[in-house]
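No lab work stands behind these numbers, since they all come straight from the coordinates. Since the model is a prediction, treat every value here as computed from it, not as a measurement. Because the Cβ atoms are built from the backbone with ideal geometry, glycine has one as well, and the counts that use them run over all protein chains shown.
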Ligand SMILES: Cc1cc2nc3c(=O)[nH]c(=O)nc-3n(C[C@H](O)[C@H](O)[C@H](O)COP(=O)(O)OP(=O)(O)OC[C@H]3O[C@@H](n4cnc5c(N)ncnc54)[C@H](O)[C@@H]3O)c2cc1C
């Protein structure tokens with residue numbers, strides 16, 4: 001049986017981040033991924049490395065501050081993969097969030113971002129509205145401009161895995177976690193690779209299986225605490241038209257939710273939705289009603305898209321958010337990562353639930369801090385805020 005300091009299940013951005021952080025801290029770490037790196041949620045996000053302007057409305061200031069800090073780290077260590085883009089918020093006579101509210105929000109955003117140059121904001125003068133990809137200008141009062149960053153989520157995840165590999169991190173893939181048994185020394189993990197059932201020992205098991213995490217936690221013996229969670233589906237569609245000026249942050253005409261309309265691989269990506277999901281996470285897929293909802297948003301703001309129908313959609317994908325169970329709307333629920341261990345002192349299992357693509361590095365560092373008392377002392381090889389991430393595939 002192979003021995004590790006840490007075994008991580010899930011090759012999404014969080015599992016990749018913990019593998020990198022563990023390897024950087026000099027630990028012997030193994031990542032088990034069932035399919036391919038970023039085959040789950042981490043290839044189906046809105047692909048933004050952002051502070052999360054709208055989280056200010058629900059008072060999640062600490063999350064916004066941390067996300068802006070992480071955005072700055074990405075711009076430094078992943079310049080190849082993360083790009084600052086202009087964001088436009090059009091404000092019409094009927095828009096719920098008024099220009100003064102948006103400016104106040106952006107001022108707080110800039111404050112939380114330490115007034116860095118990347119947090120500057122302003123308005124697009126009316127004489128330049130014609131440069132905005134054909135944005136509807138009827139009854140348009142103002143267009144607020146600020147900056148946030150866009151990435152390719154799957155490529156970013158692969159780059160983090162590659163960085164972990166260079167530091168000595170191991171990967172079993174495709175390989176499926178089956179179960180784990182806790183004992184006095186740590187944990188014995190059972191997983192399947194090909195036709196073989198393998199066993200490995202570790203001081204700590206980190207469950208980073210995203211929407212599958214609660215399911216995995218139930219396969220640990222003796223049973224461990226699991227938070228009450230909801231899965232909420234988010235769909236994106238891609239239309240075969242160019243958007244070049246930047247990313248549009250608009251209100252859905254129906255329910256006022258914020259939706260992004262953004263350039264993506266020569267087309268235009270629109271997302272996302274928030275549809276309660278029950279069932280097997282493998283089955284998540286875009287629903288016709290979600291596609292209609294997103295098309296309606298695109299048509300409202302860009303007259304040139306009014307002729308497009310579901311038949312014109314060139315790509316579509318759906319992912320699952322992991323949110324704390326609650327009766328309030330998904331939109332208003334906390335996006336903070338939930339960390340839960342089997343016990344308060346010297347944990348043998350840590351489950352990581354929810355979180356953001358943007359916060360993967362901070363989350364991984366947080367995981368390492370929480371499991372440190374269970375790990376042997378090793379010599380640190382590197383610091384994750386200095387490891388340069390590079391594109392690994394076209
Ligand atoms: C619609 C949507 C839009 C989003 N947009 C943004 C955004 O723009 N910016 C942002 O910062 N965040 C965004 N997020 C959040 C972000 O995408 C997620 O927090 C993040 O991708 C979750 O990564 P993860 O590693 O936890 O899970 P996942 O990426 O889902 O990874 C879990 C992995 O576990 C593997 N796995 C499952 N079971 C097993 C098993 N038995 N054995 C081995 N492996 C297993 C799966 O194959 C999968 O690869 C968005 C989320 C959604 C749903």
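Could you work out the per residue convex hull volume over the alpha carbons of the range 279-366, in cubic angstrom?
Working: hull volume 15.1 nm³, N = 88.
In the range 279-366, the Cα hull volume divided by residue count equals 172 Å³.
What base-10 log of the normalised intensity I(q)/I(0) is obtained for the range 1-137 from the Debye formula, alpha carbons as equal point scatterers, at q = 0.09, 0.11, 0.18 Å⁻¹?
For the range 1-137 at q = 0.09, 0.11, 0.18 Å⁻¹, log10 I(q)/I(0) is -0.42, -0.59, -1.15.
Over its Cα atoms, what ratio of radius of gyration to 2.2 N^0.38 Å does the range 341-394 give? If you can, show how the numbers build up before the last one.
Numbers: Rg = 13.9 Å, N = 54, 2.2 N^0.38 = 10.0 Å.
In units of the globular-protein estimate, the range 341-394 measures up at 1.39.
Need one number: % antiparallel among DSSP beta bridges in the chain, to the nearest 5.
Beta bridges within the chain, antiparallel portion: roughly 75 percent.
Using Cβ contacts closer than 10 Å as the measure, can you line up 321, 265 from fewest to most?
The most exposed by this proxy come first: 265, 321.
Rounded to two decimals, what is Rg over Rh for the range 65-216 when you use alpha-carbon atoms and the Kirkwood radius? List each step's numbers first, then the result.
Working: Rg = 23.4 Å, Rh = 20.0 Å.
Taking Rg over the Kirkwood Rh, I get 1.17.
Assuming 1.002 mPa s and 20 °C, estimate D for the range 208-353 with Stokes-Einstein, Rh taken as the Kirkwood radius over Cα pairs, in µm²/s.
The diffusion coefficient I find is 125 µm²/s.
Using the count of nearby Cβ atoms within 10 Å as a rough guide to exposure, how do 27, 242 rank from fewest to most?
Working: 27 26, 242 10.
Final ranking by Cβ density, sparse to dense: 242, 27.
Ranked highest first by average number of other Cβ atoms within 10 Å, how do 68-74, 272-278, 380-386 line up?
Result, highest mean Cβ count within 10 Å first: 68-74, 272-278, 380-386.
Given springs between every Cα pair under 10 Å in a Gaussian network model of the chain, which of 367, 241, 232 has the largest fluctuation?
241
Which order do the peptides 136-147, 6-17 come out in when sorted by mean C-beta neighbours inside 10 angstrom, highest first?
The most tightly packed comes first, giving 6-17, 136-147.
With a ≥ b ≥ c the root eigenvalues of the C-alpha gyration tensor of the range 1-41, is it rounded (a/c under 1.5), prolate (a/b larger than b/c) or oblate?
On the way: a/c = 3.51, a/b = 1.50, b/c = 2.33.
It comes out oblate by the Cα gyration axes.
Give me the three principal axis extents of the range 133-242 from the C-alpha atoms, as integers in angstrom, largest value leading.
Computed over the range 133-242, the largest-to-smallest principal extents equal 67, 36, 27 Å.
Any idea what the relative contact order of the range 1-136 is, in percent, if you count C-alpha pairs under 8 Å spaced at least 6 apart?
16 percent
Which angle between 0 and 90 degrees, to the nearest 10, do you get for helix 99-112 versus the longest principal axis of the chain when only C-alpha atoms count?
30 degrees
How many percent of all Cα-Cα pairs in the range 88-175 sit more than 20 Å apart?
Result for the distance tail: 56 percent.
Which order do peptides 370-377, 310-317 fall in by mean Cβ count within 10 Å, highest first?
Top of the packing list down: 370-377, 310-317.
With a bin width of 10 angstrom, please list the P(r) values of the range 46-110 as percents of all Cα-Cα pairs, from the 0 bin to the one holding the largest distance.
The calculated distribution, bin by bin, is 19, 46, 29, 6, 0.
Can you pull the percent of Cα pairs in the range 244-328 with separation above 15 Å?
Result: 62 percent of Cα pairs exceed 15 Å.
Rg to Rh ratio, the range 211-261, alpha-carbon atoms and Kirkwood radius? Please report the intermediate quantities before stating the final value.
On the way: Rg = 19.0 Å, Rh = 15.2 Å.
With Rh from the inverse mean 1/r over Cα pairs, Rg/Rh is 1.25.
How big, on average over all directions, is the shadow cast by the Cα convex hull of the range 193-232, in nm²?
Across all orientations, the range 193-232 yields a mean hull projection of 4.1 nm².
Let me check against my output: what whole-number percent is the relative contact order of the chain, with C-alpha pairs under 8 Å and at least 6 apart?
25 percent
If you average 1/r over every pair of different alpha-carbon atoms in the chain and take one over that average, what Kirkwood value in Å do you get?
21.8 Å
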